[in-house]
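The values are calculated or read from the model by the stated rules, or taken from the named source; none is laboratory data. All of these numbers come straight from a predicted model, not from anything done at the bench. For neighbour counting, all protein chains shown are included, and Cβ atoms are generated from backbone atoms with ideal geometry for every residue, glycine included.
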Amino acid sequence: MISTRGRYALRVMLDLAENGGAGYVPMKEVAARQGVSLKYLEQIMPALVKAGCVEGIHGRGGGYRLAGPPEAFSVGEVLRLAEGDLAPVACLQPGAAPCPRAKTCRTLPMWREYYRQTNAFFDGMTLADLLGAELPGEAAEEDG
């Protein structure tokens, strides 16, 4: 399951893409727009900065901006930065000790395929794709 940390990391990146233009966006503005605690966002930002997804400057006129265009960032990349690996079971996590049951585990092939599909799904979608997606309420308004 994707935690709040992963969901908020995506929301921050999307907010910066929508509201950044060529400038830096103060994190307090992002927090207000997203309805998220500023302190919580401040815990998420270092991983995004360290990975080179976001650039930040301090002081007057400071804030954050995307380090590239929205199409350069996959949803999978952002989720893995915030969540760590997306492995559904411990034995598939990178660096996990070999499972003594791996040779006889009837569920391992299922978990491997689930893991593969999850990564392929999230890696095949970019921030730009999410920005261009129809909002859930838009279809209902047009139909009515």
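Just a few scattered comments:
- Wholly enclosed helices (runs of 4 or more DSSP H) of segment 56-144 bearing at least 3 residues over 21 Å from A17 (Cα atoms), in contact with a Pro (Cβ under 8 Å, 6 or more places away or on another chain) and at pLDDT 90 or above: 108-123
- Single unsatisfied condition, I2 versus (1) free of Cβ contacts under 8 Å to residues at least 40 places away in the same chain; (2) surrounded by 14 or more Cβ atoms within 10 Å (Cβ to Cβ); (3) not in a helix (DSSP H, G or I): (1)
- Residue pairs meeting the criteria (Cβ under 8 Å; at least 6 apart or on separate chains; first under 19 Å from L14 (Cα atoms), in segment 77-96; second charged (D, E, K, R)): E77/D123; A82/R5; E83/R5
- Search result, residues across segment 31-65 that are under 19 Å from L81 (Cβ atoms), hydrophobic (A, V, I, L, M, F, W, C) and in contact (Cβ under 8 Å) with a residue 24 or more places away in the chain: V36, L41, I44, M45, A47, L48, A51, C53, V54
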